[in-house]
Each structure stands twice: as structure tokens, then as C-alpha cells.
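The values are calculated or read from the model by the stated rules, or taken from the named source; none is laboratory data. Note that this is a predicted model, so its numbers are computed, not measured. Reconstructed Cβ throughout: ideal geometry from the backbone, glycine too, with neighbour counts over all protein chains shown. The area values use the complete protein model at the heavy-atom level, side chains included, leaving out ligands, DNA and RNA. Shrake-Rupley method; radii C 1.70, N 1.55, O 1.52, S 1.80 Å.
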Amino acid sequence: MTRKIFGTDGVRGRANSYPMTADLALRLGAAAGRYFRKDGTNGHRVVIGKDTRLSGYMIENALTAGLTSTGMNVLLLGPVPTPAVGFLTHSMRADVGIMISASHNPHQDNGIKLFGPDGYKLSDEAEAEIEALLEGEIDYARPENIGRARRIDDGRRGYMEFAKTTFPTGRRLNGLKVVVDCANGAAYRAAPEVLWELGAEVISIGTSPNGTNINAGCGSTDTALAARTIRETGADVGICLDGDADRVMILDENGEVADGDQIMALFASRWAEAQRLKGNTLVATVMSNLGLERYLGGQGITLERTPVGDRYVVERMRAGGWNLGGEQSGHIVMTDYATTGDGLIAGLQFLSAMVEGDRRASDLSVSFARVPQLLKNVRYAAGTEPLALANVKNAIGDAEARLNGSGRLLIRKSGTEPLIRVMAECEDETLLTQVVDGIVAEVEAAGVS
């Protein structure tokens, strides 16, 4: 079965436009409820978390209506990070978990991510089955079997207590001044409180959500504010999360950014040295820098690449029995601790490396020299297929021939937005710019941008 509304990270789109409408959310909730309540018995439950977008209220209520209509009992967590939903789905013995978030996207967008009872995101096959139910007639519950909904006030605290257990026992963050940027998103309370409880002096930014300022000029996709705050306050390190806190960027004491590749390189080498890196393998996507692959090879560590999307990283990790993976964008997946990317726990692991080795952030934030990489996004009109056009195919073929032996090219459609992502890596930066710009120009010339 194929999927129509599910992308690489659940359902996502502009709020109040298909597929992110209240009507679709209601029907999706009913379909998911029917899928996870196949035996028809009572007592089934679902946990729902959300980030701080204004549209989250609308989607939350619609999902709740759909789920309860099929007999599911709904536990509403309020604003919590995406990894908290994965954790709480499993720990609260729920049949399904749902996170309402469009992650790093602007507030106008929203999304719905589904987790199974084990706390992991659903497979493509499960999503396709839910879509099939969505398109058919929903088998609603009898009046006496309609589900209930209730607010859960301590879900965030449960996740916070677990997050603290991932920091080395007996260690504290005393003496460290930490800037934490919560992107006005889901971790605006959890992240600063965890850091403070572990002893850090915390300087919080991006912690005043108003429904429309999520990811706006802050967070992991815009680190300028955090860098400026670090320099102005003399902080030791910065932790920048995205809107649902499943991504992180680390900033050193100078405000310089360590992306997901650098963070994974550090963790992989430390874990390999401690003989805790399973299979001596790191799982990352095709977007990760060639410099990371070369660095790991020099350490005797294998890099296993997957398609873009943290769910595919996790699937490959589970299939291979590996425990560390992630994305250049800042998803850091540590299955010893979490079922999905967790920006707060990744930040704590970086801080533990600083504390244990009495090291500055800048000593740890750069493990390898990056191969020059250029990524450009080209927006295209709905219903068009720019990658199928002859002129675009020819431009891609020419670029591959020019890069042969000296770099690599990656062209893909975004799974969450109508964008063509054109990425290349090459030591020759002039050639790098030429090949990327050549492809972008052909896509734009086709009139689909």
C-alpha cells in the first residue's frame, strides 16, 4: 500500500489547509483509533502531546473527538517535546502516542506524528493501513463505549526526571553557564528546568511562546540570537533546540555552531573508546558530510547511510542492532535512552563530556574538517514533477559527470514541504557552486518555482 497524506515525518502542512484541517484530523484520529483498537475491547488509551503553535488547540480537539469516537481514552499532555511523547507512550502503557507539531517549520504549519505502543514512530506500512481506514467507512463505538479524555499535568515532569537519569550519576553542572534556546517551542519549560536542577547557571531564551513565534528568529534553525547571548553573557556553551525539541545544535563559548554531524562524531568516538558503540557503527543519512565519513573511517567506525528522515535512521538502527545515529540537521538518536531524536538528552551528553574531561565546548565541538557542502532549496508548484523534466535531468547528469571522483551530488524532494533540495559536496568550491546553481537554474527556468 502507498501513502498519500503521510510524509517522511507524519502528516504535515499549512494549518487550516488540506491535509492539516480539523476535519482531516478528526477522521485521522478515528482511523488511528480503529487501527489500534482492532480487538474491539475497552480500556485502550492514547497520549497526545503538542508544541506551542496556535493551531495546536484545533488539531488537538479534533484528534480527541475522532479517537474517543472509536472508544479510545485520550490523555492530553499539553506542550511537551516530541521525545517525551515517545517515552510516555511506552511508560504509560498507551496503545498509541501522537505529537502535534511541525518541528522546525514556521507557526503557520502544523503536523501529526504517530508512535506505536513501543514508543517508536510508526512504519510506512502501518501508516498506509491507517490511510486505508481513513478513506473507508469508520466503525464507530457504541454510545456506551465512547472514550474519555483527561488532562495529565505531570507528564512533562515524568519525562524531565527520566532525562536527568541519562546524565552521569554523581556529576553536576555546577560552575557551567549554559544558554538554552527553546525556540519558543515545546521544551520551553522542560529544558531550562532540567539544566537548573542539574546545577547549571541557566540563561534561557526562546521561552515565551505566544502561539505564533515558534522557531521565529531563534532555535536550532536560527542560532544568531543564542550566539550573541553567549558572547554577551560569557556563557560556556549553548544548547539550541527546535520547536518540538527533537533536534539540537551546540554552540561553543565563542558562539560557533556544532551541527549534528560534529555532535555524532564526538559521541561515536567517545562511545567507541568506552566500548559502548554497538557494532562499532554510526547510522546517518545521505545528507551527512563526507568529512564525517572520512573521520569515522580513520577511527575504525563504520558509517551506515539511510534516506533522509530520522525515522529511517531509527529503522536502520533497530534492524542492525546499533545504538547511535542521527542527522546533520541535529536529530541525535541514542536508543539506549530514547526512541527518537532528543535534543535535550543530546545536549546533556555533550555537557557530560565537558564535565568529565574538564574541557571547553570548543575543545569538543569540532572533530573533523568539513568537505565544502552547498545546499539550495527550490520551491515548486503542487502537482508538478520538476525532476521528471528533460532539462533538469540533463543538468543533473552534467553535474554528476563534472563531480565524478571529486565529490558527490544529492537531489531529492522534501518529504515535508514542496521543495527540491539540491546538495553537493566538493573540495573545489568554485565547481561546487557551479553545479548546484546550474541545477537550480534549470528547475527555476521550468516555471515551477
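Using only the Cα atoms, work out Rg/Rh for the chain, with Rh taken as the Kirkwood radius, to two decimals. We get a ratio of 0.97 for the chain. The orientation-averaged shadow of the Cα convex hull for the range 195-301, equal to a quarter of the hull surface, comes to 8.6 nm². Contact order for the range 164-284, expressed relative to its length and based on alpha carbon pairs under 8 Å spaced 6+ residues apart, stands at 23 percent.
Dipole magnitude for the chain: about 880 debye, using +1 per Lys or Arg Cβ and -1 per Asp or Glu Cβ, origin at the Cα centre. Sorted on the mean count of surrounding Cβ atoms within 10 Å across their residues, most packed first, peptides 111-121, 383-393, 273-283 read 111-121, 273-283, 383-393.
Packing around the peptides 175-184, 309-318, 146-155, taken as the average count of other Cβ atoms within 10 Å per residue, puts them in this order, highest first: 175-184, 309-318, 146-155.
In whole percent, how big is the carbon plus sulfur part of the accessible area of the chain, probe 1.4 Å, protein atoms only? All intermediate terms of the calculation are to be shown ahead of the outcome.
Values: 8300 of 17690 Å².
Ligands and nucleic acids excluded, carbon and sulfur give 47 percent.
Kirkwood hydrodynamic radius of the range 35-164 from all distinct Cα pairs, in Å?
On the way: mean 1/r = 0.0666 Å⁻¹.
Hydrodynamic radius (Kirkwood, Cα only) of the range 35-164 equals 15.0 Å.
Might you tell me the accessible area per residue for the range 136-175, computed with a 1.4 Å probe and given in Å²? Kindly include the intermediate steps, with their values, before the conclusion.
Working: 2880 Å² over 40 residues.
Dividing the accessible area of the range 136-175 by its residue count gives 72 Å².
For the range 283-374, the fraction of C-alpha pairs more than 15 angstrom apart is 63%. Short-range pairs are left out: with C-alpha atoms under 8 Å and at least six residues apart, the relative contact order of the range 1-140 is 32 percent. Listed by chain and number, the aspartates and glutamates whose C-alpha is less than 17 Å from the C-alpha of Lys177, apart from same-chain residues fewer than 8 away, are Glu193, Glu197, Glu201, Glu232, Asp236, Asp252, Glu253, Glu256, Glu356, Asp358, Asp363.
Averaging over all projection directions, find the projected area of the Cα convex hull of the range 156-225 and quote it in nm² with one decimal place. Intermediate results must be reported in sequence, preceding the final value.
Values: hull surface 19.9 nm².
Projected over every direction and averaged, the Cα hull of the range 156-225 covers 5.0 nm².
Summing -39500 (n - 2.57) over the DSSP H runs of n ≥ 4 in the chain and dividing by its residue number, what mean residue ellipticity at 222 nm do you reach, to the nearest 500 deg cm²/dmol? Result for the chain, helices only: -11500 deg cm²/dmol.
Over the range 295-449, accessible surface divided per residue gives 41 Å², non-protein components excluded, 1.4 Å probe.
Taking the range 244-337, how much of its Cα-Cα pair set, in percent, is spaced more than 22 angstrom apart? Roughly 19 percent, once rounded to a whole number.
Evaluate the relative contact order of the chain (contact order divided by residue number), counting alpha-carbon pairs under 8 angstrom at least 6 apart; express in whole percent. Show your work: numbers first, answer last.
Numbers: 1025 pairs, mean separation 58.6, N = 449.
So the answer I get is 13 percent.
Volume per residue for the range 228-291 equals 125 cubic angstrom (convex hull of Cα atoms).
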